[in-house]
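The values are calculated or read from the model by the stated rules, or taken from the named source; none is laboratory data. Please read all numbers here as calculations on a predicted model, not as lab measurements. So basically every Cβ, Gly included, is an ideal-geometry build from the backbone, and we count neighbours across all protein chains shown. Note: areas computed on protein heavy atoms with side chains; ligands, DNA, RNA excluded. Shrake-Rupley method; radii C 1.70, N 1.55, O 1.52, S 1.80 Å.
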Amino acid sequence: MPEKPYDHQEIELKWSARWKDDPTLYRAVDDGSRPRYYVLEMLPYPSGRLHMGHVRNYSIGDALARYQWMRGYDVLHPMGWDAFGLPAENAAISRNTHPRTWTMENIAHMKKQLDRMGFAYDWDREVSTCEPEYYRWNQWFFLKMLERGLAYRKNSLVNWCPECATVLANEQVVNGCCWRHETTPVEQRQLEQWFFRTTAYTQEYLDDMKLLEGHWPERVITMQRNWIGRSEGTEADFAMEGSADRIRVFTTRVDTIYGATCLILAPEHRKSSELCDTADLAAQLKAMVDDQSRKDPENLEKAGFFTGHYATNPYSGQRTPIWVGNFVLMGYGTGAIMAVPAHDERDFEFCRKYGIAVRPVIRPVDGALADGETMAAPFEEYGIVEDSGEWSGLASAVARKQMSQRADDEGFGKAAITYRLKDWGVSRQRYWGTPIPVIHCKSCGVVPVPEKDLPVVLPLNVEVTGKGSSPLANVPEFVNVDCPKCGEPGRRETDTMDTFVDSSWYFFRYVDHANATMPFDAAKVAPWFPVDQYIGGVTHAILHLLYSRFWCRVMRDLGMVSFAEPFKNLFTQGMVQLNGQTMSKSKGNIVDPDEMTQKFGADTCRLFVLFAAPPEKDMDWNESSVEGQYRFLSRVYRFVTRNIDVVNEGNPDADRKALRKIHQTIAKVTADFDNRWHFNTSIAALMELTNELYSLEASLSTDVRRQAMETLVLMLGPFAPYASQEMWEQMGRAGAIIRQTWPVSDPDLAREDSIEVPVQINGKVRSRVTVALGLSKDDLEKVALADEKVVAMLDGKQIVKIVVLPDRLVNIVVR
RNA sequence: GCCCGGGUGGUGAAAUCGGCAGACACAAAGGACUUAAAAUCCUUUGCUCCGCAAGGGGCGUGUGGGUUCAAGUCCCACCCCGGGCACCA
């Protein structure tokens, strides 16, 4: 058969048409006959239009899924859902919309884009989780959490993005700005808000990280650990002078408490307004509360004022002035601190500024106690406690423990653990998102919507102004509803849920997407979960990945799953950057893959993006090598098409060489898949094999030629599905490539029979000798010493030592 | 400031366990085929020095030290780039 030119358009059109409606292709067998493997992908936000970052994410996951399939696993691979931009005419709403509220038109558009890119997708499942019906299950979970006290409403100071005109969770505030509007500073507002009690599992998140270690990237684990921010310390009450009240402080260094020379309250602390009992103090306090520069802690100059009041140190009995300071955080610990300037940098800075005494009480283990008057910097290490009454002479660590115990014994405090993690504020004043299923009644209070009335569906024809309160509040038909308990007129809750609620559990529903009575059937989920492999951007490290860990525990406590961790393995791919900046819609530096796909095809596009760099590494976008990938595919295609019917007796030497290369390549590519996903080296190995086959082409026997072609095509399958499928068919083989068995390397065929061993003299390569594989140490040494170049080099030198590694190297050390 | 990554040719990168640095590509230059172009194929390509040549020498993985027969890889110190966290008491 003559050689055919590689026509990617024809091939890709043909196979996308054939695959489109073939349900056997991408769907699990689902009869439990094969082991399960669940690949899940999630893109880095912000997403926007389809761009190269998505192609990279999908190419990685798709290659893995195809490989696992060929290795005999039944693979569930629904693919990421937040990837695809909406058509331009929908741009106005697409900006803030969410997949769960997408329309069927939106989905059709996504489907078209994905099909064109040649990514497998199980549309039934995706469409199902996008239907408004999906609200029902968010609401169902909400009601279950409400019953268990895991959902609650409280009035609190919350983050407010003026651009979104909505509340944000702590996790969604990035550098003091909204995560979707990176230049809009977040404001603080006092509002009635709904929360999920994520802190119910705080210690579990930390403890269970043991299960994730080695399976999740270390930096993600560290980021979560820092976010949770556990610190062990002591709470202690300072009794207020002239009142029965106390001020409770939290400290991790109670061993320094004899050095506390003042108390500092956060301006928002309840006691601050109480103690600022003159007009002047009240004005100072108000100015401090309103001070916008406090949002930028990096450049904030510490400032404060004395309230004129005093409290008593519970340990030393010392009279301690009470100050208010702009740097003390209300949201951490108790909102009040004891300032120990001698042993804390921040306190030092503050106290020096206002002339407050510096009183050292810890001396370095091998040093002397510092002089507070002349101290240039605080001593923050552990040491020996001094000038601290009965505790003097103890080591810091011992004193900490014993002093904590004393607080507990005498009732003025206790050992305490403080976390940085706060509950998840889920109220949003947005149109998109699941309506919160409760009704406010004057006489009954907050009444849950009865389960039979779910789902509470978003009304249509809502005017989205993007300003003020929830747009739902302006829809009387939605708001005015009778109380389910007493029947009197009530008001429906108009807040909707954070869309991270959707992403916390949607992937569970993929395995039971048509269930009409439950979010999913526990028995159907059991064989698939936890997710074996999650592939996504590191940007989700604390938002989505922490929320999912919370949700999974809630489901566990509801008896729906039997495990706490939803994702067994996490792989964070590198970002695709353009001129050093991460591609994102907001920066406007997106490279659309359309052009490349049109010109070179989806297969080339995948090969290109996988070949450019290992997947965990960031890659700067540079298209210059894409033609090389196209050339490579063309070379393979031409080789296959022109050799299909070739009959040749062949040359045994060439056959052996080809077989060796084939089996070496299988070993290499398989190892890359199993160990490290460095697809750039896998593809390089396939290129080497192709080059070798080109050079041996004329001398190959019919049988080996056939084996070579088939193996090459099978191994190309995960990376270039269209082209390899086409070649498979042209070779007269039936069925889908992904239903074929992954080739197995035969070590006997892969083994080299002779090998070139470098001979070094004093560590520098001076010659090479070709010897039989496995030649003994002694024999190899003899061969090396007999080599004429070596003999010449050794002339007049004295051999000190010879290092011989069979099959690897000889190093002769001379003097 | 603290915690992670990373620094290798003109470019993307490879070297997986301390053992031949630069696999595989891109780009570039030269050649074959062609009226020409495209496509394809072949050759050269880390820097540098000696030589007409065949060939040979030296240097080389951010910098400076160290360990070792042997270091891109291990140890110490430092510089630079990227990312995350940060008045968390």
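The string of couplings for the range A:716-730 from the Karplus curve (6.51, -1.76, 1.60, θ = phi - 60°) is 7, x, x, 9, 9, x, 5, 4, 5, 4, 4, 5, 4, 5, 5 Hz, one whole number per residue in order, with x for Gly and Pro. The angle between the Cα long axis of helix A:602-611 and the longest principal axis of the Cα atoms of chain A comes to about 70 degrees, rounded to the nearest 10. With contacts taken as Cα pairs under 8 Å and at least 6 residues apart, the range A:304-358 reaches a relative contact order of 21 percent.
Rounded, prolate or oblate: pick one for the range A:648-742, where a ≥ b ≥ c are the square roots of the eigenvalues of its C-alpha gyration tensor, a/c under 1.5 means rounded, and failing that, prolate if a/b is larger than b/c, else oblate. Because a/c hits 1.5 or more and a/b fails to exceed b/c, the range A:648-742 counts as oblate. Within the straight-line cut-off of under 25 Å between alpha carbons, the lysines reachable from A:Lys14 are A:Lys4, A:Lys111, A:Lys112, A:Lys599, sequence neighbours fewer than 8 places apart in one chain being disregarded.
Would you mind checking A:Lys20/A:Lys524; A:Lys210/A:Lys271; A:Lys295/A:Lys617; A:Lys353/A:Lys414; A:Lys144/A:Lys286 for any pair whose Cα atoms are more than 30 angstrom apart? Listed pairs above 30 Å: A:Lys210/A:Lys271; A:Lys295/A:Lys617; A:Lys353/A:Lys414; A:Lys144/A:Lys286.
Under 5 Å from the amide H of A:Glu241 lie the amide H atoms of A:Tyr310, A:Ala311, A:Thr312, each residue being 5 or more positions distant or on a separate chain, with H modelled from the backbone and absent for Pro and chain starts. When A:Val501, A:Val647 are compared by accessible area of protein heavy atoms, the largest-first order is A:Val647, A:Val501, using a 1.4 Å probe.
Ranked by solvent-accessible area (1.4 Å probe, protein heavy atoms only, all chains present), the residues A:Glu781, A:Glu274 order from largest to smallest as A:Glu274, A:Glu781. Annotation: A:Trp323 carries an accessible surface of approximately 30 Å², with a 1.4 Å probe and no ligand, DNA or RNA atoms counted. Axis angle, to the nearest 10 degrees, between helix A:8-20 and the longest C-alpha principal axis of chain A: 60 degrees. Protein heavy-atom accessible surface, 1.4 Å probe, per residue over the range A:447-557: 38 Å². Under 5 Å from the amide H of A:Asp74 lie the amide H atoms of A:Arg36, A:Tyr37, each residue being 5 or more positions distant or on a separate chain, with H modelled from the backbone and absent for Pro and chain starts.
A cut-off of 5 Å between modelled amide H atoms, ignoring neighbours fewer than 5 places along the same chain, links A:Phe305 with A:Val324.
Backbone phi angles across the range A:470-480, fed through the Karplus curve with coefficients 6.51, -1.76 and 1.60 (θ = phi - 60°), yield HN-Hα couplings of 4, x, 5, 5, 8, 10, x, 4, 7, 6, 7 Hz in residue order; Gly and Pro are listed as x. Here the Karplus curve 6.51 cos²θ - 1.76 cosθ + 1.60, taken at θ = phi - 60°, turns the phi angles of the range A:541-558 into couplings of 3, 10, 6, 4, 5, 7, 4, 5, 5, 5, 4, 4, 5, 4, 5, 4, 5, 8 Hz, with x standing for Gly and Pro. Nearest 10 degrees, 0 to 90: what angle lies between the long axis of helix A:218-228 and the longest principal axis of chain A (Cα atoms)? Approximately 10 degrees, to the nearest ten.
For A:Trp179, the accessible surface of its heavy atoms amounts to roughly 40 Å² (probe 1.4 Å, protein chains only, rounded to the nearest 10). Remark: relative contact order (chain A) = 15 percent; criterion is Cα-Cα distance under 8 angstrom and separation of 6 or more residues.
Solvent-accessible surface of the range A:151-234, averaged per residue with a 1.4 angstrom probe and all protein chains in place: 47 square angstrom. A protection proxy built from the mean count of other Cβ atoms within 10 Å ranks the segments A:757-769, A:557-569, A:285-297, most packed first, as A:557-569, A:757-769, A:285-297. Once the 1.4 Å probe is applied to the protein heavy atoms, the range A:632-738 comes out at 34 Å² accessible per residue.
On the accessible surface of chain A, probed at 1.4 Å, how many percent belong to carbon and sulfur atoms?
50 percent
Can you classify chain A as rounded, prolate or oblate using the Cα gyration tensor, where a ≥ b ≥ c are the square roots of its eigenvalues, rounded means a/c under 1.5, and otherwise it's prolate if a/b beats b/c and oblate if not?
Oblate, since a/c reaches 1.5 and b/c is not below a/b.
Taking a straight line from the alpha carbon of A:Lys777, these lysines sit under 21 Å away, with near neighbours fewer than eight places off in the same chain left out: A:Lys764, A:Lys789, A:Lys801.
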